[in-house]
Ligand code: GTP
Ligand code: MG
């Protein structure tokens, strides 16, 4: 898919205030600092569409972007950021859960995980929750430039073995690096194929 246009639409904390359109929507979520905003910038060919930060926990709202005037890309807040209060965490969790439960436009969720790390309980719990809620999802491994290709293969195999202990099948997955522009076409083609079907 060619990206002809990518525009920021709006940020919301309340799912019911999110854009009232019937366009198909693709959400990106993952632990804080996993590289969501960088990935979104890579996908859309923008340097600064989504704010990239050295400080984790930067993305705190549901951010809608309109792509090619025919689908929405959604940057969701990172979960598992330690430096927020318990109360903040609960509020956070509430509106994220509400987003998934009250957004029928949502077609697919991309769960981002850092390719260097083992399966994290918070990611696993989240994927199981998505599965049980029958919300289709795929995995995006980020920061692949940090590893050699043999190590990438090993980590992906270990990751899928761990997932398969609690989950029936490995969901579709993508290996990416925003720094080296890897994985861009695969993800865009995947979205394009769903949009066409
Ligand atoms: P929050 O919104 O703050 O939760 O973070 P995020 O998930 O949006 O991550 P962000 O894109 O802001 O990137 C976090 C850090 O990881 C930044 O320092 C990025 O430069 C770095 N980073 C992101 N993607 C890559 C990548 O593909 N390779 C490398 N080497 N670093 C990356
Ligand atoms: Mg971000």
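One table, with the values for the structure above:
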| read-out | value |
| --- | --- |
| Residues within the range 1-18 that are assigned to a loop (DSSP other than H, G, I, E, B) and exposed (fewer than 15 other Cβ atoms within 10 Å of the Cβ), tallied | 5 |
| Filter pass, residue 92 being in a helix (DSSP H, G or I) and modelled with pLDDT under 95 | yes |
| Any chance residue 80 is more than 24 Å from residue 17 (Cβ to Cβ), under 17 Å from the mean Cα position of the chain (by Cα) and at pLDDT below 90 | yes |
| Filter result for the condition that a residue is within 16 Å of ligand 2 (Cβ to nearest atom), surrounded by fewer than 18 Cβ atoms within 10 Å (Cβ to Cβ) and farther than 25 Å from residue 93 by Cα, over 157, 179, 161 | 179 |
| Inter-residue pairs, beta-carbon under 9 Å, first on the phi > 0 side of the Ramachandran plot and away from ligand 2 (no atom under 12 Å from the Cβ) and in the range 29-52, second in a helix (DSSP H, G or I) and modelled with pLDDT of 90 or more, 6+ apart | 45/184 |
| Only one of 170, 127 that is closer than 24 Å to residue 191 by Cα, within 14 Å of the chain's Cα centre (by Cα) and surrounded by 13 or more Cβ atoms within 10 Å (Cβ to Cβ) | 127 |
| Verdict on residue 66 being assigned to a strand (DSSP E or B), in contact with a strand residue (DSSP E or B) (Cβ under 6 Å, 6 or more places away or on another chain), crowded, with 20+ Cβ neighbours inside 10 Å and at pLDDT 95 or above | no |
| Residues located in the range 39-53, provided they are in contact with a strand residue (DSSP E or B) (Cβ under 8 Å, 6 or more places away or on another chain) and farther than 14 Å from residue 7 by Cα | 39 |
| Subset of the range 69-95 (residues that are under 21 Å from residue 49 (Cβ atoms) and within 15 Å of ligand 2 (Cβ to nearest atom)) | 73, 74, 75, 76, 77, 78 |
| Residue tally, condition more than 6 Å from ligand 1 (Cβ to nearest atom), assigned to a loop (DSSP other than H, G, I, E, B) and either within 9 Å of the chain's Cα centre (by Cα) or more than 12 Å from residue 191 (Cβ to Cβ) (or both), over the range 24-44 | 0 |
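The values are calculated or read from the model by the stated rules, or taken from the named source; none is laboratory data. Given the structure is predicted, the values throughout are model-derived calculations rather than measurements. Methodologically, a virtual Cβ is constructed for each residue, glycine included, from the backbone with ideal geometry; neighbour enumeration extends over all protein chains shown.
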